[in-house]
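The values are calculated or read from the model by the stated rules, or taken from the named source; none is laboratory data. These figures come from a predicted structure and were not determined experimentally. Methodologically, a virtual Cβ is constructed for each residue, glycine included, from the backbone with ideal geometry; neighbour enumeration extends over all protein chains shown. Please note that ligands, DNA and RNA were not included when accessible areas were found on the heavy atoms of the full protein model with its side chains. Shrake-Rupley method; radii C 1.70, N 1.55, O 1.52, S 1.80 Å.
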Amino acid sequence: MSKSGLRVLIIGGYGTFGGRIARLLADEPALTLVIAGRSAAKATAFCTALAQRGGATALSPLAFDRDGDLTVQLAALVATARPDLVIDATGPFQVYGNAPYRVVQACLDLDLPYLDLADGADFVTGIAAFDAAARDRGVPLLSGVSTFPALTAAAARHLTRGWTAVTGVSIGVAPTPRAGVGDNVLRAIASYAGKPVTLRRDGAWARAHALTETRRRTIAPPGALPLRNTRFALVDVPDLQVMPRLWPDLRDIWVGAGTRPESIHRIMTALAWLVRLRLVPSLLPLAPLFHWGARVFRWGEHRGGLVVEVTGHDANGQPATRSWHLVAEGDDGPEIPAMPAAALVRRWLAGHPPAPGARAATDLELADFDALFANRAIRTGVRDAAEAVGPVFRQVIGAEAWSRQPAVWRALHGVEAGAPTVWRGRATVTRGGGLLARLAALLVGFPPRARTCPSVSR
């Protein structure tokens, strides 16, 4: 049975991520969104602009100071129009000082369900300290309701359903270089660049250094145009701590971000090495410079992606490797970090609220994202290492995409090397008329322009 209505307070509601959550939920008539922030004028302007887009959701602006007396502010709101859920979309959660869980505690004191978009490993795992109290009061407190770990954990769980063991996880996220990166995101990265990160390696807890370890990977959903091969650098995200708790057999985990253009990525790595070598204490003072650079250095294809690869043992106990790939075109990619929060609210409206307790947000399933992906230029798919055999075309586009192709096409591209085969048909040959095109055709041996091409033999 679905809930008839839901009132959601979004702290930082007109900011980068809070605004995206609001826009993703703007078509829900059963919702009331309270857009809260320090500036009442900005909150009002945001609500006005969103309402003009024709959404069905009720909107209410609110002046709210996250650094003020939270209990007083929330209590006043409860007295007038109690929210069913509080979403903290501010940050950066890595640098919240000596009282990082002020909002969490204030919500718990008033029995208000809470979730946040934190991406710091220590913050997300640390919320478990409130678990006993949250269970006693019947209140859900969820941290990390964003790409990491909500979406990545859902993908890993989807890939390993039925497996007897999960031993390795490798994740790479490559944002589009033209995304509007918020100042809080860059401050978070600057705060941990070059500093120690705890992760699982060779079956034991180990220390690595953020942004100084790199790997390369191609994100390629079956049947879709892949991203260019990308350089990823180790980042400090909740998955490093959360996934070993989900899968006790996990021996190795690595998560990287592929900032583009790659020249900027390499500069970030070099600066992180200065921190690792203790030549500078932190890159946090450079965060404003990074924010400026993110607005200026924005060349490259306007596409982003995510890959989650798992290794372990399948239902038969045999070694297995599978990966889930996502490619998002244009401005649809930057919406993804806000989608888990929107998916959780939609689940609640459908009658499935989160269970009481304080924990990292790994409640969602991959199917919860289907509706959010469906109307956007987002392509996803699974690749299975066991299926990477046979014709080269089948290996490149993936078994799933291969199976969707016409039988004649599969027969043409499925011929084994050296097999004597003759193909007959008709084709039209179109060639460029420029000097360079003619020279290239001559060097390669392309046929002349023709409406009918003779039989082709292989």
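Figures for the structure shown
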| item | result |
| --- | --- |
| Identity of the residue in the stretch 435-449, open to solvent by 100 Å² or more (accessible area, probe 1.4 Å) and at pLDDT 85 or above, that ends up nearest to the chain's Cα centre (by Cα) | LEU436 |
| Failed criterion for TYR96 (all others in (1) modelled with pLDDT under 95; (2) farther than 14 Å from ARG66 by Cα; (3) open to solvent by 40 Å² or more (accessible area, probe 1.4 Å) hold) | (2) |
| Options ASP131, ASP122; residue that is assigned to a helix (DSSP H, G or I), open to solvent by 50 Å² or more (accessible area, probe 1.4 Å) and of a type in the set (Asp, Glu) | ASP122 |
| Among residues of the stretch 1-46, those that are closer than 14 Å to LEU349 by Cβ and part of a strand (DSSP E or B), counted | 6 |
| Members of the stretch 134-143 found to be small (Gly, Ala, Ser) and either open to solvent by 20 Å² or more (accessible area, probe 1.4 Å) or touching an Asp or Glu at 6+ places or on another chain (Cβ under 7 Å) (or both), listed by number | GLY138, SER143 |
| Filter result (outside any loop (DSSP other than H, G, I, E, B) and among the basic types (Lys, Arg)) within the stretch 296-355 | ARG303, ARG322, ARG346, ARG347 |
| Some residue of the stretch 251-260 being closer than 23 Å to HIS313 by Cα, under 15 Å from the mean Cα position of the chain (by Cα) and surrounded by 22 or more Cβ atoms within 10 Å (Cβ to Cβ) | yes |
| Any chance LEU59 is open to solvent by less than 60 Å² (accessible area, probe 1.4 Å), of a type outside the set (Val, Ile, Thr), in a strand (DSSP E or B) and under 17 Å from GLY12 (Cβ atoms) | yes |
| Lone unmet requirement of (1) farther than 13 Å from VAL242 by Cβ; (2) touching a Ser or Thr at 6+ places or on another chain (Cβ under 6 Å) for ASP136 | (2) |
| Per-region count, the stretch 134-159, residues out of contact with any Phe, Trp or Tyr (no Cβ under 6 Å at 6 or more places or on another chain), in contact (Cβ under 8 Å) with a residue 24 or more places away in the chain and in a helix (DSSP H, G or I) | 14 |
| Close pairs from the stretch 60-88: first in contact (Cβ under 8 Å) with a residue 40 or more places away in the chain and among the β-branched types (Val, Ile, Thr), partner open to solvent by less than 20 Å² (accessible area, probe 1.4 Å) and part of a helix (DSSP H, G or I), Cβ under 8 Å, at least 6 apart | VAL86/LEU74; VAL86/VAL103; VAL86/CYS107; ILE87/GLY18; ILE87/ILE21; ILE87/ALA341 |
| Strands (runs of 3 or more DSSP E) contained in the stretch 192-248 and holding at least 2 residues in contact with a helix residue (DSSP H, G or I) (Cβ under 9 Å, 6 or more places away or on another chain), over 19 Å from LEU159 (Cβ atoms) and not acidic (Asp, Glu) | 196-201, 204-209, 230-234 |
| One residue from LEU70, LEU33 being modelled with pLDDT under 95 and open to solvent by less than 40 Å² (accessible area, probe 1.4 Å) | LEU70 |
| All positions within the stretch 221-250 that are buried (at least 18 other Cβ atoms within 10 Å of the Cβ), more than 17 Å from the chain's Cα centre (by Cα) and among the hydrophobic types (A, V, I, L, M, F, W, C) | ALA224, TRP247, LEU250 |
| Extreme residue, surrounded by the most Cβ atoms within 10 Å (Cβ to Cβ), among residues of the stretch 188-206 that are charged (D, E, K, R) and within 14 Å of VAL237 (Cα to Cα) | ARG200 |
| The stretch 370-398, residues that are at pLDDT 85 or above, of a type in the set (Asp, Glu) and in a helix (DSSP H, G or I) | ASP370 |
| Lone qualifier among GLY162, GLY172 - being at positive phi, touching a residue at least 24 places away in the same chain (Cβ under 8 Å) and either open to solvent by 50 Å² or more (accessible area, probe 1.4 Å) or outside any helix (DSSP H, G or I) (or both) | GLY162 |
